[in-house]
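Participant: Sharing a structure here in structure tokens format.
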Amino acid sequence: MKKIIITLFISLIVTGCVTATIQPDYAKAMLELLNKDFVSKGPATVERIVNQDSVQHFCSIYNKSRSEEMSEQITASQLKTIKYPSDENYIGNWEEGEKIAQNGRGFQSSDPLGGVNGGNCYACHRITKNEISYGDIGPSLYNYGKKHGNNEKVYKYTWAKIYNSQAFTACSDMPRFGHAGILNEKQIKDVMALLLDPKSPTNQ
Amino acid sequence: MKLIMKYSLTILAILVAPCVLAEGSSSDEIAKYRELLADGNPAELWEMRGEELWKKKVSPNNVSLERCDLGKGPGVLKGAYVELPRYFEDVNKVMDLEQRLIFCRTSIQGLSYEQAVSSHFGSVGNPSDIEALVAYITSESKGMKMAVSIKHPKEMEAYEIGKNFFYYRAGTHDFSCATCHSSDKKRIRLQELSNLLNKKDAQKTYATWPAYRVSQGEVRTMQHRLSDCLRQQRFPEPKYASTTMTALIMFMAKNAEGGVFDGPALKR
Amino acid sequence: MADPMRIRAVLSGDKVDVKVLIRHDMETGLRKDANGKIIPAHFIQTLTAKYEDKTVLDTVMGIAVSKDPFLSFKFKGGVKGGKLVVSWVDNLGDTRTDTAIVS
């Protein structure tokens, strides 16, 4: 009887060990495939997607919910990346801002290298009164300036949110427009104007 | 006072109602438009051409595709699509419909790989054989329920790799498939987004591919849709009929299990 | 000859309900390709439908009709088993004729 129990015990350990060593690492397998199954084209490179930054890596794994501690770590690290305007002037031209909000091009494999990038804001947000073709992935920004007012605190927050949205919302769906180099300083100023200029159609 | 309140609320409700209706009614109108058009779906012309191609003897081997095994036996078309992707013993890997067609065109008909995948996405003056074949083969599963299996370890692997890829955030915009397709009732601009993690949504959406796309004037397959998604996600170009694409399709097909396949469909 | 049409002709009451799906690029000649060159016009000019040698539909199409046209019309006087012949000619002289039996 003892022999049987010992044999069973040993075989269980062996099976357990074997199962443990052959436990498939699907994440690793997927990464290996990325290198093989994608081809760089235009501004969209294999190198970029194969090398996630720490935030992308973390947010891919913790894709549903995160602990408060983890979220704070992310927002703290992303807040450090914010580059405020060099001349401390936050507001540009809202007419240019509207063009940026409407433009969905930039960094796609179908876009030219070194082209002008848009923000594609209307993909996710309502912004001006009259543009009805807007998405609802993000909150409505209609009357943004009217609601929040025009002061330094609002300017700084709005700038930072556009520059790196994850400075406030860990794993936000919103692209990190400044940090990723999608929009440059002038373009962000123009988007700021679209949101905050009292004359902007957003605030009518 | 109470009477005034009651009437004020009613008037307010009447004023507000049209605004609410306007937002919902645009998608209702689009649904009505689709219903009217469904009667004359040009995809049927692709199905006809696909049937011809399936039966056509092609050199160098001068055989048709009628001996091609899509998983239910050589030449069996009824219900084959709703069980794909699946594990194929003869190649020891999981294949989706397009990969399997390429395999049959090369191994049975003797085409080279380049010939088998040439013009895989049709354009004006350059019709795609594969799109026509896919239209025909999928039409043979019309009305049947999605039933992919993940019993074989390689099928499970494909599903899990697909799932990992679905959540993989990368590139300049930090987009993953989940960024747009993991919430209920969201839209990008005015295009509704399906929640592919929600069974009912996944069933409905998966069943609408392949489809004749009016904007393209062609029948487009799931591979084409994924390729276009990835482009907008700022990802590099996926290789046509690659392992990663099959894994992603496996993930979606499994999530759509039990859904009735009604294709080929008609889309904008 | 060009790609086949798909014709459905169903007797419903005293009318035959005909639906025709046509495979044609219907290029207007006003579009430009990615290099800025005009894509040459290629569209159906005339389409006729004959039931047992009697013309039941005579159309003139043009560039206002979009790609892969879908045509739907009804006519009286048809019976089950009757022959419907649909024929079109385009601006480049290409043509297609298909037959359907009324069901």
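The values are calculated or read from the model by the stated rules, or taken from the named source; none is laboratory data. Computed from a prediction, not measured in an experiment: that's the story for all the values here. In this analysis, Cβ positions are derived from the backbone assuming ideal geometry, glycine residues included, and neighbour counts consider all displayed protein chains.
Participant: Only one of these is more than 18 Å from B:Gly40 (Cα to Cα) and within 14 Å of chain B (Cβ to nearest Cβ): C:Gly78, C:Gly62, C:Gly82, C:Gly29. Name it.
Facilitator: Checking each option against the conditions leaves just C:Gly29.
Participant: Consider A:Gln52 carefully, then state whether it is closer than 30 Å to A:Gly145 by Cα and not small (Gly, Ala, Ser).
Facilitator: Values: closer than 30 Å to A:Gly145 by Cα: no; not small (Gly, Ala, Ser): yes.
No; evaluated as a whole, the condition is false for this residue.
Participant: Where in segment C:4-103 are there strands (runs of 3 or more DSSP E), lying fully within it, with 1 or more residues that are out of contact with any Lys or Arg (no Cβ under 9 Å at 6 or more places or on another chain) and over 27 Å from B:Glu52 (Cα atoms)?
Facilitator: Strands (runs of 3 or more DSSP E) meeting the threshold: C:44-51, C:54-60.
Participant: Could you tell me which residue of segment B:169-185 is farthest from the other protein chains (Cβ to nearest Cβ), considering only residues that are outside any loop (DSSP other than H, G, I, E, B) and more than 20 Å from the chain's Cα centre (by Cα)?
Facilitator: Here the answer is B:Phe175.
Participant: Suppose we keep only residues that are more than 8 Å from chain B (Cβ to nearest Cβ) and buried (at least 16 other Cβ atoms within 10 Å of the Cβ) within segment C:6-21. Which one would you say is nearest to C:Val79 (Cα to Cα)?
Facilitator: Here the answer is C:Val16.
Participant: What single numbered condition from (1) of a type in the set (A, V, I, L, M, F, W, C); (2) farther than 30 Å from C:Val65 by Cβ; (3) within 14 Å of chain A (Cβ to nearest Cβ); (4) surrounded by fewer than 17 Cβ atoms within 10 Å (Cβ to Cβ) fails to hold for B:Val260?
Facilitator: Going through the list (1) of a type in the set (A, V, I, L, M, F, W, C); (2) farther than 30 Å from C:Val65 by Cβ; (3) within 14 Å of chain A (Cβ to nearest Cβ); (4) surrounded by fewer than 17 Cβ atoms within 10 Å (Cβ to Cβ), B:Val260 breaks only (3).
Participant: Additional query: Taking only segment A:28-73 into account, find how many residues are out of contact with any strand residue (DSSP E or B) (no Cβ under 7 Å at 6 or more places or on another chain) and within 17 Å of A:Thr169 (Cβ to Cβ).
Facilitator: Of the residues in that region, 18 qualify.
Participant: Ok, one more. Select from segment A:195-204 the residues that are of a type in the set (S, T, N, Q) and buried (at least 22 other Cβ atoms within 10 Å of the Cβ) and list them in ascending order. Break it down into steps so the answer makes sense when it comes.
Facilitator: Going residue by residue through segment A:195-204, those that are of a type in the set (S, T, N, Q) are A:200, A:202-204.
Result: A:Ser200, A:Thr202.
Participant: For residues in segment A:138-194 being in contact with a helix residue (DSSP H, G or I) (Cβ under 7 Å, 6 or more places away or on another chain) and of a type in the set (Lys, Arg), which is surrounded by the fewest Cβ atoms within 10 Å (Cβ to Cβ)?
Facilitator: So the residue we want is A:Lys146.
Participant: Next up: So B:Pro210 passes all but one of these: (1) within 12 Å of chain A (Cβ to nearest Cβ); (2) surrounded by 23 or more Cβ atoms within 10 Å (Cβ to Cβ). Which condition number does it fail?
Facilitator: Single failed check for B:Pro210: (1).
Participant: Also, I was wondering about something else. Only one of B:Gly171, B:Gly162 is closer than 20 Å to B:Pro236 by Cβ, touching a strand residue (DSSP E or B) at 6+ places or on another chain (Cβ under 8 Å) and in contact (Cβ under 8 Å) with a residue 60 or more places away in the chain; which?
Facilitator: B:Gly171
Participant: Additional query: Taking B:Gly50 and the conditions (1) within 19 Å of B:Ala211 (Cα to Cα); (2) at pLDDT below 95; (3) surrounded by 11 or more Cβ atoms within 10 Å (Cβ to Cβ); (4) not acidic (Asp, Glu), which numbered condition does it fall short on, given that it satisfies the others?
Facilitator: (2)
Participant: Would you call B:Gly125 of a type outside the set (Lys, Arg) and without any contact (Cβ under 8 Å) to a residue 24 or more places away in the chain?
Facilitator: Yes.
Participant: Which members of segment B:186-207 meet the condition of being within 8 Å of chain A (Cβ to nearest Cβ), of a type in the set (A, V, I, L, M, F, W, C) and closer than 30 Å to C:Asp25 by Cβ?
Facilitator: B:Leu190 - this is the single residue of segment B:186-207 that is within 8 Å of chain A (Cβ to nearest Cβ), of a type in the set (A, V, I, L, M, F, W, C) and closer than 30 Å to C:Asp25 by Cβ.
Participant: Does C:Phe43 count as at pLDDT below 95, closer than 28 Å to B:Ala132 by Cβ, surrounded by 14 or more Cβ atoms within 10 Å (Cβ to Cβ) and not aliphatic (A, V, I, L, M)?
Facilitator: It is false that C:Phe43 is at pLDDT below 95, closer than 28 Å to B:Ala132 by Cβ, surrounded by 14 or more Cβ atoms within 10 Å (Cβ to Cβ) and not aliphatic (A, V, I, L, M).
Participant: Inside segment A:126-160, can you point out the residues that are closer than 28 Å to B:Ser194 by Cβ and under 15 Å from the mean Cα position of the chain (by Cα)?
Facilitator: Answer for segment A:126-160, where residues must be closer than 28 Å to B:Ser194 by Cβ and under 15 Å from the mean Cα position of the chain (by Cα): A:Ile137, A:Gly138.
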